[in-house]
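Below is one structure, written out as C-alpha cells, with a few remarks after it.
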2 protein chains.
Amino acid sequence: MSTITNDIEIIKTKATKINEVDFDNLKFGSVFSDHMLVCEYKDGKWHTPKIMPYQPLTLDPSSKIFHYGQSVFEGMKAYKDKDKNVWLFRPEDNCKRLNISSKRMAIPEIPEAYFMEGLITLLQLDKDWIPTKEGSSLYIRPFVFASGNGFHASPADEYKFIICTAPSGSYFSGEVKVLIEEKYSRSANGGVGFAKAGGNYAGQFYPTQLAKEKGYQQVIWTDDNKHEYIEEAGAMNIFVRIEDTLVTAPTSDRILDGITRKSIIQLAESENIPVEVRKLTVTEVVEAAKNGTLKEMFGAGTAAVISPISGFGYKGEDYELPKLENSYADYLKKRITDIQTNKAEDPFGWRYKV
Amino acid sequence: MSTITNDIEIIKTKATKINEVDFDNLKFGSVFSDHMLVCEYKDGKWHTPKIMPYQPLTLDPSSKIFHYGQSVFEGMKAYKDKDKNVWLFRPEDNCKRLNISSKRMAIPEIPEAYFMEGLITLLQLDKDWIPTKEGSSLYIRPFVFASGNGFHASPADEYKFIICTAPSGSYFSGEVKVLIEEKYSRSANGGVGFAKAGGNYAGQFYPTQLAKEKGYQQVIWTDDNKHEYIEEAGAMNIFVRIEDTLVTAPTSDRILDGITRKSIIQLAESENIPVEVRKLTVTEVVEAAKNGTLKEMFGAGTAAVISPISGFGYKGEDYELPKLENSYADYLKKRITDIQTNKAEDPFGWRYKV
C-alpha cells in the first residue's frame, strides 16, 4: 500500500460534540463523530482526500444523486479493546466491494490507498468516539454518490466519496419474525442486487412495511422468477440450519457477497460445522420446519453481525423455530465478535489494527 | 381541484440569470430557470410549497438519499405557442404517476393540489424561460427524495418535493443504433421497474456504457429470466412496426406506464393505424428484420418524444432498418408535438393551458 497520509489535509473541529453523547444509550447510526473524510472526483480523477468537521453537504438541485440513484455504500465497524487498541474487521474487503459496486453503477473506482489511509487517519483522529460498552461499536459508513449536475440520464462527471462514523448500539432489538416473500423482489438476474447500490435498499422498504403490518419484522427475499429459492433476509445474507448443517445461498448477480457471510462460512468450516453453499428452496425450508429438522435461521451482516430469526410466515401459515440452548447463531456471533474485539485469537488474519 | 395558490409563498430572485442563456443553442437539462418549488414533508405531513430562487440544497451527510436511493421523479415539458400561451401535456398523469412511484418506494404521496398549483404558479413566474424555437421546450423536473437523516436502512422521516425547470433543446441528436441486451437487466418481476425510481436509471448506466463501446447508443432491455421478451429502449418505452402494425409491450411491474407511450397508442388507434399491445419476442423482431417485414423501431418518452432507431445488434449480428419516406415515427412525432404546442386540434383533451 503506497503512503499518502502525509497528503491528507486535516481541518479539526473547533468544538467537539463528544460531551453531548450518551455512550451508555446509543441507538444505531443516529449520532455522528466530529469529523468526516471527503474525497472529490472531478476532471476525470479522484483528488486527495480531506478530513474536516462533520458538516452539511451543499448540492445543486440538479445533482444526479437526487434523480438517478447513482450511489453505493459500505458498512464497517471499529472496536476498541481493553488496552484501547482500535480494530477493524477485514477492511480491504470493504474497499474491494465498494469498487465492485461502483463499477456496476458506472461510478469511478476509488484508489485503495485513499480509502484505507483516509479511513485510518479519520479513525485515529476520532478514536475517542469508539464506544467500549458490550455490543456497541463505531459504525463506519463509506459512501460514494454522483454530485455532478444535469438532467440528462447518464453517469455524472463529478462524485463525492465520504466516510462518516457513528458510535452505535445494536442494530436490531428483540425477536425477528420474517415473512417469506411471494410477490415482491429485491433483484433481477443481470441486475444490481450484488452491489451495495442505494436503490436496492429503497426498493425493499415498501414490501417490508407490508410485512410489518402483518406482524413480521423482515422479509426473506426469494428469486423474482418463481419465488422458489431463498436468497437474502432483509438487508442481510441468510443462513438456515437443517439438522446440524448450515446452508446458505451461493452469491450471484442477485446476492450480496457479504463479508460477515463469508466469515461465518470459513469459521464454521474451521470448527467442523458442516456448511453447504447451495441453492435453498422455500419448499425445503417449509418441509424441514414441518418435520422438525429446521433448527435455526439467521441473518448475517455487518450491522447486526448475526440476527437470529424466531419464526417465519409463508402462504398464510406461521412456523415457529425451536429455542435452542446451544445455537449456532449465538456461538458463531460470539466467536466472530470475540475476534473482532480482540478477545480471542484470530487464526484467519481478519482483524486489522488501526 | 382545491385552490391553494394563495398560500404559496413566493420569494423572487433579485437577479435574473435569463440574459446569460443562449436560447438558440440549448442543450438538454443543463441550464436552470430562476426559481424552483420546494415542498417539505416532516412531522407526518406535506407542508405548503414555497417558491424561491433556484439555489443549492443543504443536507446532512447521513440524509437517506445518499445511502438508500429513496427517490422518484417525473419528466414533463411546457411549450409556448405563437400567441405566448403556455401549455402542458397531460400534467395530472405525471402527478398520479409520481405518487404511484412514491408508494412503491415508501415515500409519502404528494397532495395533487400541491403538485398542480405549485407547478402552475412556478411556470407563470418563470414563463419567460420557456423557449419558442422549434424542437425546444421548458423541461420540467418534479422529484421527491428522502432528506431525513440516519444510517438505519428504513424509510426516512423527512422528504423534499422539488420542481426545477430547464429550457432545453432536443434530448438525442443523430442516429440511434441499439443493442438488444442478452446479459444485463433493468428490472425484476415484483421489483420497482414500473416506478420512476432513481435507482432504475443508475442501474442502466454501466450496460449502456458497454453498448456504447460496441458502437450502439442505447440498450433494448429484455426480461431478466431468459432475455426473450423486448421490454424498453434505454429510458424509453419501445414500439416496433411489423408490416403496418405497431407493436408495444404491455405495461407490467417491470415496465413504465409511459405517458408518451399511451398517447401514441391512442393517437395511432384514432387514425386507424393497427396497434397491438402484447408481448414481443426478440426472435420475432430478428425474424422480421431478416424477412423484411420489420419496418421501424422507435423509443417513446417525454424527453425525446419519439426517437427513431436506425438498426439493432443481437448476438453479434447487426440489422439495419429501412429508411422510410413516410415513417410512423415521423408522422406520430409531428402529430403529438403539434398537439403539445397548440399547432393542431386536440381531440383527446391532452393539452393543459397554464
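The values are calculated or read from the model by the stated rules, or taken from the named source; none is laboratory data. Keep in mind it's a predicted model, so treat the numbers as computed, not measured. We place every Cβ from the backbone using ideal geometry, glycine too, and count neighbours over all the protein chains shown. Side chains included, ligands, DNA and RNA excluded: accessible areas come from the protein's heavy atoms. Shrake-Rupley method; radii C 1.70, N 1.55, O 1.52, S 1.80 Å.
Could you look through the stretch B:95-144, keep only residues that are surrounded by 19 or more Cβ atoms within 10 Å (Cβ to Cβ) and among the charged types (D, E, K, R), and pick out the one that is farthest from B:Ile11 (Cα to Cα)?
Result: B:Arg104.
Filter the stretch A:294-347 down to residues that are in contact with a Gly (Cβ under 7 Å, 6 or more places away or on another chain) and of a type in the set (S, T, N, Q) and give me whichever is least open to solvent (accessible area, probe 1.4 Å).
Residue satisfying both the conditions and the ranking: A:Ser307.
Mind checking whether some residue in the stretch B:90-105 is small (Gly, Ala, Ser), at pLDDT below 95 and over 25 Å from B:Thr16 (Cα atoms)?
no
Could you list all residues from the stretch A:131-160 that are at pLDDT 95 or above, closer than 16 Å to A:Gly75 by Cβ and not aromatic (Phe, Trp, Tyr)?
A:Ser137, A:Leu138, A:Ile140, A:Arg141, A:Pro142, A:Val144
Quick grid of which residues meet (1) within 20 Å of B:Thr48 (Cα to Cα); (2) under 17 Å from the mean Cα position of the chain (by Cα); (3) of a type in the set (Gly, Ala, Ser):
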| position | (1), (2), (3) |
| --- | --- |
| B:Asp81 | no, no, no |
| B:Ile110 | yes, no, no |
| B:Tyr114 | yes, no, no |
| B:Trp129 | no, no, no |
| B:Thr132 | no, no, no |
| B:Tyr159 | yes, no, no |
| B:Val176 | no, no, no |
| B:Glu182 | no, no, no |
| B:Ser185 | no, no, yes |
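Which members of the stretch B:47-78 meet the condition of being of a type outside the set (Lys, Arg) and open to solvent by 20 Å² or more (accessible area, probe 1.4 Å)?
B:His47, B:Thr48, B:Met52, B:Pro53, B:Tyr54, B:Gln55, B:Pro56, B:Thr58, B:Asp60
Contact list please: Cβ distance under 7 Å, first residue in the stretch A:315-326 and farther than 13 Å from A:Arg241 by Cβ and in the same structural domain as A:Lys183 (by TED's automatic domain parsing), second residue among the acidic types (Asp, Glu) and outside any loop (DSSP other than H, G, I, E, B), pairs at least six apart or on different chains.
From the stretch A:315-326, no pairs qualify.
Tell me whether the stretch A:307-328 contains one or more residues that are touching a His at 6+ places or on another chain (Cβ under 9 Å) and closer than 28 Å to A:Leu179 by Cβ. Steps first, please.
Filtering the stretch A:307-328 down to residues touching a His at 6+ places or on another chain (Cβ under 9 Å) leaves none.
There is no residue in the stretch A:307-328 that is touching a His at 6+ places or on another chain (Cβ under 9 Å) and closer than 28 Å to A:Leu179 by Cβ.
For A:Asn272, indicate whether it is more than 25 Å from A:Glu181 (Cα to Cα) and either part of a strand (DSSP E or B) or in contact (Cβ under 8 Å) with a residue 60 or more places away in the chain (or both).
Judged against the criteria, A:Asn272 is not a match.
Among the residues of the stretch B:83-101, write down those that are of a type in the set (Lys, Arg) and under 13 Å from the mean Cα position of the chain (by Cα).
B:Arg90, B:Arg97
Counting only residues that are facing another protein chain (nearest Cβ under 8 Å), surrounded by 24 or more Cβ atoms within 10 Å (Cβ to Cβ) and free of Cβ contacts under 8 Å to residues at least 40 places away in the same chain, how many does the stretch A:209-243 have?
1
Just for the stretch A:177-200: of the residues that are open to solvent by 10 Å² or more (accessible area, probe 1.4 Å) and not in a loop (DSSP other than H, G, I, E, B), which one is farthest from the other protein chains (Cβ to nearest Cβ)?
A:Lys177
Can you tell me which condition B:Thr58 does not meet? The list is (1) within 14 Å of chain A (Cβ to nearest Cβ); (2) within 26 Å of the chain's Cα centre (by Cα); (3) in a strand (DSSP E or B), and all the others hold.
Here B:Thr58 meets the rest and fails (2).
Residues being open to solvent by 10 Å² or more (accessible area, probe 1.4 Å) and more than 10 Å from chain A (Cβ to nearest Cβ): count how many of those fall in the stretch B:148-167.
Total satisfying the criteria: 2.
Of everything in the stretch B:282-316, what is over 21 Å from B:Asp330 (Cβ atoms) and touching a helix residue (DSSP H, G or I) at 6+ places or on another chain (Cβ under 9 Å)? Give them in sequence order.
B:Gly313, B:Tyr314, B:Lys315
Taking the stretch A:136-193 as the region of interest, how many residues are free of Cβ contacts under 8 Å to residues at least 60 places away in the same chain and closer than 30 Å to B:Val31 by Cβ?
2
Which of the residues belonging to the stretch B:61-79 are within 14 Å of another protein chain (Cβ to nearest Cβ), under 17 Å from the mean Cα position of the chain (by Cα) and not aliphatic (A, V, I, L, M)?
Passing the criteria: B:Ser71, B:Phe73, B:Glu74, B:Gly75, B:Lys77.
State whether one or more residues within the stretch A:1-14 are part of a loop (DSSP other than H, G, I, E, B), open to solvent by less than 20 Å² (accessible area, probe 1.4 Å) and at positive phi.
No, the stretch A:1-14 contains no residue that is part of a loop (DSSP other than H, G, I, E, B), open to solvent by less than 20 Å² (accessible area, probe 1.4 Å) and at positive phi.
Evaluate the stretch B:276-283: report whether one residue or more is part of a loop (DSSP other than H, G, I, E, B), at pLDDT below 95 and open to solvent by less than 60 Å² (accessible area, probe 1.4 Å).
Residues of the stretch B:276-283 that are part of a loop (DSSP other than H, G, I, E, B), as a first pass: B:278-280.
With at pLDDT below 95 added as a condition, the list becomes none.
Scanning the stretch B:276-283, I find no residue that is part of a loop (DSSP other than H, G, I, E, B), at pLDDT below 95 and open to solvent by less than 60 Å² (accessible area, probe 1.4 Å), so the answer is no.
Identify the residue in the stretch B:80-121 that is part of a loop (DSSP other than H, G, I, E, B) and in contact with a strand residue (DSSP E or B) (Cβ under 8 Å, 6 or more places away or on another chain) and, among all such residues, is nearest to B:Ser136 (Cα to Cα).
The first filter runs over the stretch B:80-121 and keeps only residues part of a loop (DSSP other than H, G, I, E, B), leaving B:81-85, B:90, B:105-111.
With the extra rule that they be in contact with a strand residue (DSSP E or B) (Cβ under 8 Å, 6 or more places away or on another chain), the set shrinks to B:81, B:85, B:90, B:105, B:107-108, B:110-111.
Details: B:Asp81: 12, B:Asn85: 15, B:Arg90: 18, B:Met105: 32, B:Ile107: 32, B:Pro108: 33, B:Ile110: 29, B:Pro111: 30 Å.
Here the answer is B:Asp81.
Do you know which of the residues in the stretch A:19-33 that are closer than 26 Å to A:Ala113 by Cα and either at pLDDT below 95 or open to solvent by less than 10 Å² (accessible area, probe 1.4 Å) (or both) is farthest from the other protein chains (Cβ to nearest Cβ)?
First pass over the stretch A:19-33, keeping only residues closer than 26 Å to A:Ala113 by Cα: A:29, A:32-33.
Filter once more, keeping what is either at pLDDT below 95 or open to solvent by less than 10 Å² (accessible area, probe 1.4 Å) (or both): A:29, A:33.
On the way: A:Gly29: 3, A:Ser33: 11 Å.
Ranking the qualifying residues of the stretch A:19-33, first place goes to A:Ser33.
Under the condition of being in a loop (DSSP other than H, G, I, E, B) and more than 15 Å from B:His35 (Cα to Cα), which residue from the stretch B:122-147 is nearest to the other protein chains (Cβ to nearest Cβ)?
Restricting to residues being in a loop (DSSP other than H, G, I, E, B) and more than 15 Å from B:His35 (Cα to Cα), the top hit is B:Ser147.
Read through the list (1) in contact (Cβ under 8 Å) with a residue 12 or more places away in the chain; (2) touching a helix residue (DSSP H, G or I) at 6+ places or on another chain (Cβ under 7 Å); (3) open to solvent by less than 10 Å² (accessible area, probe 1.4 Å); (4) of a type in the set (A, V, I, L, M, F, W, C), then give the number of the only condition that A:Leu88 fails.
Failed condition: (2).
For the condition over 28 Å from B:Thr302 (Cα atoms), in contact with a helix residue (DSSP H, G or I) (Cβ under 8 Å, 6 or more places away or on another chain) and not hydrophobic (A, V, I, L, M, F, W, C), what is the one hit in A:Gly150, A:Gly215, A:Gly234?
None of the others qualify; the one that does is A:Gly234.
From the set of residues in the stretch B:24-71 that are of a type in the set (S, T, N, Q) and touching a residue at least 40 places away in the same chain (Cβ under 8 Å), which is nearest to B:Val144 (Cα to Cα)?
Out of the qualifying residues, it is B:Ser71.
So is A:Tyr41 under 18 Å from A:Cys164 (Cα atoms), outside any strand (DSSP E or B), open to solvent by 30 Å² or more (accessible area, probe 1.4 Å) and away from chain B (no Cβ under 14 Å) or not?
no
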